[in-house]
Amino acid sequence: MTDHAPTLRPVRDTAVPDGERVAARCPYCERPFRSDHGRDLHVGERHDPTDAERERYEAALEEERDELWLFHAKAVVALGVIYAATVILYMAVLGTFF
Amino acid sequence: MGRDGQRAGWRPLARAGATAVVVLALAGRAAAHSGSLGGSVASASVPTWLVILTGGIVVGGSFLFTTLLTDHEAMRGVNWWRVALPTSAQLRRVAVPALRAVSFGVLLIVVATGLAGPTTPTQNFALLVVWVGWWAGYTTTTYLVGNTWPAVNPWRAPTRFVRRARDRLFDDASDGALPDRWGVWPAVAGLLALVFLEVVSPVGENPRLLAVVVLGYSLATVAGAVRYGDAWFDRVDPVSRVFAAYGRVAPLQRDFDGSLTLRLPGTALTEDPLPDRPGEVAFVVALLWVTTYDGLVATPTWAAAVEPVVSLGVPALLVYAVVLLAGFAAFLGVYRLAARNVRDTADTYVTARAIERWFAPALLPIAAGYHLAHFLGYFLGLAPALGAVAISPFAPPANPMALVLPGWFGSVKLLCVLGGHVLAIWVAHSLSFELFPGVLAAIRSQYPSVVVMVFYTMSSLWVITQPYAPPPFV
Ligand SMILES: [Zn+2]
């Protein structure tokens, strides 16, 4: 598959507020990140990582996976609640709710 | 037709036709019987507020649902899917000039029948072709099929002719250049001006005025395109830009190498952020705003709000203009504010400006959905009249027919609006995965825009479920 991904030009399209110390920077494209976590993911996704970088990428992915599981659990519960509330609301309004 | 069409901004055509065309009045009554748009959903007893609330829930729920889709490779598989279509350069060389010649011919007939044709709107070729055939019907094809405007544009042929004549007469003729810092702001101003003209003047019901407007627009376009070359169509002519923007939503796309490809609708939007030029984001926001404005001025609420202001002595035209500009500024402001908030929710150093450009294409399916909701019924209702008049522009039949749409058509309109929003959520979701590393930052980057979108869906549904009231004082 050819690469059709839109591209960001890090030098022009990112800005670090005055006085803020950049937590991490991509060694390949200089893009600044607010955390090592973001940089590690970016390097693994967008560049050709070294073995050490690949290891950090996998670790960051693992960390994402745990957090994502919790997020998804919340999202599914929220969807269920919204769905149930909508159905009840419709039944109440349309007068078929006993 | 009837209420649907009127609300779409083609109120003048319906207003003026009221006495002359009994069929249309009947169609209007049929629509009225089915109740307001909200009432026609599934059963007559669903109140409007519930329809509006449901719209908000559907948009919010779609966001929650897309957060479950986190396989970036699979998303790219969907978004980058394409089939190359065979194209023939030779056919193109023949077809494009032929199309341009035909459309120029139609333009001439529009001006002629506008100036000399019958003044009954549903018998007038110019009014029907411009509003029903072109602005409702043709525009729909630009986002449902593909942007054919560069091939159809009736001003290309005369521009070429004049340029050739100029080059022959003057040896040192050269193109002018628009200042770079203007970007596409001229097109933004042009779009707002066109919509203002459409709302406050009888250009939708008076064929003579329409002919004058078309003539003026033609002269300006040809003069501009001769002077500035293709940059005119790219940066100034609002019509070309509207179709180019809508065309990005369509399944037929020109690929990077110029070949024609078939894509899934909306997926082309996930590949290009807007060009880095002043006014690019503003144009997309303006396109969204004018659809809302067009509906807003035809609600009873608007009439009730404007009347006291005008009775204080404020000129009505000023009120319309101020609201048009203030609403545009507010839309742009809210969009920019949401983009700035993404910097926090996604915890990123990407500039607000880059975020604005990155996600703006996601607004286009929303605009297309509203356009379809506004104009589909209007187009179908008047298509028979358009067909009859198109066959004999200079001797139209006395009683053109109108199609009466069934009551459930109101639900189709709601689905168009919601479909646009849901597609927008998918596009924004895909774009966020391209911009931010990992999954969580991408999902969190969507919070501000989802909040805005839920409110925007609800206010727009409110507008289209309002009964029609003619805009007062204009
Ligand atoms: Zn990088």
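Listed here are the residues, each with its yes/no results for (1) surrounded by fewer than 23 Cβ atoms within 10 Å (Cβ to Cβ); (2) of a type in the set (S, T, N, Q); (3) in contact with a strand residue (DSSP E or B) (Cβ under 8 Å, 6 or more places away or on another chain).
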site: B:292; (1), (2), (3): yes, yes, no
site: B:306; (1), (2), (3): yes, no, no
site: B:330; (1), (2), (3): yes, no, no
site: B:345; (1), (2), (3): yes, yes, no
site: B:357; (1), (2), (3): yes, no, no
site: B:361; (1), (2), (3): no, no, no
site: B:365; (1), (2), (3): no, no, no
site: B:384; (1), (2), (3): yes, no, no
Any idea which of B:437, B:393 is assigned to a loop (DSSP other than H, G, I, E, B), within 30 Å of residue B:268 (Cβ to Cβ) and open to solvent by 10 Å² or more (accessible area, probe 1.4 Å)? B:437
Could you check, for segment B:312-323, whether at least one of its residues is at pLDDT 95 or above, within 25 Å of residue B:453 (Cα to Cα) and open to solvent by 60 Å² or more (accessible area, probe 1.4 Å)? yes
Restricting to segment A:14-64, name every residue that is within 14 Å of the ligand (Cβ to nearest atom), open to solvent by 30 Å² or more (accessible area, probe 1.4 Å) and of a type in the set (Lys, Arg). A:25, A:39, A:46, A:56
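Identify all residues within segment A:61-98 that are acidic (Asp, Glu) and at the interface with chain B (Cβ under 10 Å from one of its Cβ atoms); write none if there are none.
Keep residues of segment A:61-98 that are acidic (Asp, Glu), which gives A:62-64, A:66-67.
Across segment A:61-98, the qualifying residues are A:63, A:64, A:67.
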Hey, does segment A:8-29 have a residue that's out of contact with any strand residue (DSSP E or B) (no Cβ under 9 Å at 6 or more places or on another chain), on the phi > 0 side of the Ramachandran plot and more than 9 Å from chain B (Cβ to nearest Cβ)? yes
Please note which helices (runs of 4 or more DSSP H) are completely contained in segment A:2-98 and include at least 3 residues that are under 17 Å from residue B:442 (Cβ atoms) and in contact with a helix residue (DSSP H, G or I) (Cβ under 9 Å, 6 or more places away or on another chain). A:36-46, A:51-94
Residue match in segment B:102-116 (condition: surrounded by 15 or more Cβ atoms within 10 Å (Cβ to Cβ), farther than 22 Å from residue B:208 by Cβ and aromatic (Phe, Trp, Tyr)): no
Kindly indicate whether residue A:68 is open to solvent by less than 80 Å² (accessible area, probe 1.4 Å), within 11 Å of the ligand (Cβ to nearest atom) and either aliphatic (A, V, I, L, M) or under 13 Å from the mean Cα position of the chain (by Cα) (or both). no
Collect the residues in segment B:58-71 that are in contact with a helix residue (DSSP H, G or I) (Cβ under 7 Å, 6 or more places away or on another chain) and more than 8 Å from every other protein chain (Cβ to nearest Cβ), keeping them in residue-number order. B:58, B:59, B:62, B:63, B:66, B:69
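The values are calculated or read from the model by the stated rules, or taken from the named source; none is laboratory data. Nothing here was measured: the structure is a model prediction, and the numbers come from that model. Don't worry about glycine lacking a Cβ; one is built from the backbone with ideal geometry, like all the others, and counts go over all protein chains shown. For the accessible areas, the whole protein counts, side chains as well, though only heavy atoms, and no ligand, DNA or RNA atoms are used. Shrake-Rupley method; radii C 1.70, N 1.55, O 1.52, S 1.80 Å.
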